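What follows is a short report on a single structure.
The values are calculated or read from the model by the stated rules, or taken from the named source; none is laboratory data. Owing to the predicted nature of the structure, the values given are computational and were not obtained by experimental measurement. Cβ coordinates were reconstructed from backbone atoms using ideal geometry, including for glycine residues, and neighbour counts include every protein chain displayed. All accessible areas refer to the heavy atoms of the entire protein, side chains included, with ligands and DNA or RNA removed. Shrake-Rupley method; radii C 1.70, N 1.55, O 1.52, S 1.80 Å.
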Amino acid sequence: MTDAKPRMGIIGIDHRHIYTMAGHMIDAGAELAGWWTDGMPRTLDGFLKRFPDAPRVSDAETLLDDATIDLILIASIPSDRAELAVHAMERGKDVMSDKPGCLTLHELDALKTTVATTGRIWTVDFSERFEVPAVTRASDLVADGAIGQVIQTLGIGPHRLNAPTRPDWFFDRSRNGGILTDIGSHQIDQFLHFTGAADAEITLASAQCSVTEGFQDFGQIALKSGQAQGYVRVDWFTPDALPAWGDGRLFLLGTAGTIELRKYVDVAGHPGTDHLFLTTGDRCERIDASGAGLPYFPRLINDIRDRTETAVSQAHTFKVMELAIRAQALAEADQC
């Protein structure tokens with residue numbers, strides 16, 4: 001890749017996250033060269049509305065054979081993502097995967113080996129951090145020492161189920177990876193990021209099938225790293241009246257202050273998104289963080305060009321997925 005506009009291809013549009021993955025990369029300066037997906041997923045109409053000019057190719061190999069394509073985005077069925085990523089990297093492409101980027105430790109090992117042997121980038125778009133301006137603002141405040149050392153994170157990730165709109169694979173544990181590997185990975189990413197931890201111990205993990213047999217709709221994780229601890233709660237119980245897909249919140253406890261993020265909605269409060277509440281020794285205020293930007297995407301473009309790790313380190317991405325998979329396994333040792 002030179003200083004010219006980077007080109008990307010898409011393999012798999014089975015999850016709607018592909019809309020924002022591709023959209024943010026285009027906003028950051030990338031060009032969508034083409035896309036392929038298997039069959040006619042429910043996301044197809046929405047994808048075509050957003051990217052009407054992008055050509056659909058007959059097979060994934062067409063994109064992988066194109067020497068002008070630098071990056072492959074993958075939002076296929078989760079159980080297919082790791083194999084597709086390995087294949088793309090072996091063909092000389094960097095890869096951005098939707099989360100979860102892999103479902104098993106065996107898949108993770110294959111990804112690590114491929115990254116080591118090819119020198120390619122494998123990154124996972126943890127959208128609850130990378131696509132939320134309020135998290136960008138909180139990251140800046142923490143880096144500046146506004147609340148001291150972060151010693152605890154509380155991440156709440158409720159989601160609306162919308163069961164009638166979901167494909168069959170969404171309810172199949174072998175294909176979706178389970179609630180902790182899937183949406184729990186967002187919260188693990190934020191714990192490691194805000195505490196500065198390179199690793200963590202999972203002290204609690206559970207998941208349950210409250211309504212539908214075999215489908216995990218509630219999960220929790222407790223994490224510890226040095227003096228820092230974290231608690232995660234994820235679920236599929238967002239009520240229909242909420243004007244957002246979930247009331248995602250993040251609480252940061254520091255040695256000199258606190259931050260609360262109300263990412264997508266401030267229930268019965270201020271309109272809009274990206275509400276940040278900061279309390280320190282001399283400040284107690286609400287900050288509108290909606291303009292803080294999304295640096296992950298332009299930084300990734302720079303990393304592809306410069307072979308750097310400014311968007312997110314490779315070790316961090318590997319560790320998030322490892323901990324999510326281990327938490328899922330621990331939960332399922334005594335689960336529905």
| request: Among what's in the stretch 296-336 and is touching a strand residue (DSSP E or B) at 6+ places or on another chain (Cβ under 8 Å) and assigned to a loop (DSSP other than H, G, I, E, B), pick the residue that is most open to solvent (accessible area, probe 1.4 Å). | output: ASP334
| request: Test each condition in (1) buried (at least 20 other Cβ atoms within 10 Å of the Cβ); (2) of a type in the set (Ser, Thr, Tyr); (3) closer than 30 Å to GLY257 by Cβ for SER127 and report the one that comes out false. | output: (1)
| query | Restricting attention to the stretch 279-286, does a residue exist that is at pLDDT 95 or above, under 24 Å from the mean Cα position of the chain (by Cα) and farther than 18 Å from LEU192 by Cβ? | reply | no
| Listed residues ASP125, ASP140, ASP109; which is closer than 30 Å to ARG91 by Cβ and in contact (Cβ under 8 Å) with a residue 12 or more places away in the chain? | ASP125
| query | Is it the case that the stretch 152-168 has a residue that's touching a strand residue (DSSP E or B) at 6+ places or on another chain (Cβ under 7 Å), part of a helix (DSSP H, G or I) and at pLDDT 95 or above? | reply | no
| request: Within the stretch 200-224, track down each residue that is more than 17 Å from HIS186 (Cα to Cα) and not aliphatic (A, V, I, L, M). | output: THR203, GLN208, CYS209, SER210, THR212, GLU213, GLY214, PHE215
| request: Considering (1) open to solvent by less than 10 Å² (accessible area, probe 1.4 Å); (2) in contact with a helix residue (DSSP H, G or I) (Cβ under 7 Å, 6 or more places away or on another chain); (3) under 22 Å from PHE277 (Cβ atoms), say which one GLY177 fails and leave the rest. | output: (3)
| query | Is it fair to say SER139 is closer than 26 Å to GLY293 by Cβ and surrounded by fewer than 19 Cβ atoms within 10 Å (Cβ to Cβ)? | reply | yes
| message | Any residue that is in contact with a Lys or Arg (Cβ under 8 Å, 6 or more places away or on another chain) and not charged (D, E, K, R) - is there at least one of those in the stretch 220-232? | response | yes
| Failed item in (1) among the β-branched types (Val, Ile, Thr); (2) farther than 19 Å from ASP38 by Cβ; (3) more than 18 Å from the chain's Cα centre (by Cα), with VAL86 passing the rest | (2)
| remark: Of the listed residues (ASP144, ASP168, ASP172), the one being open to solvent by 20 Å² or more (accessible area, probe 1.4 Å) and over 19 Å from SER76 (Cα atoms) is ASP144
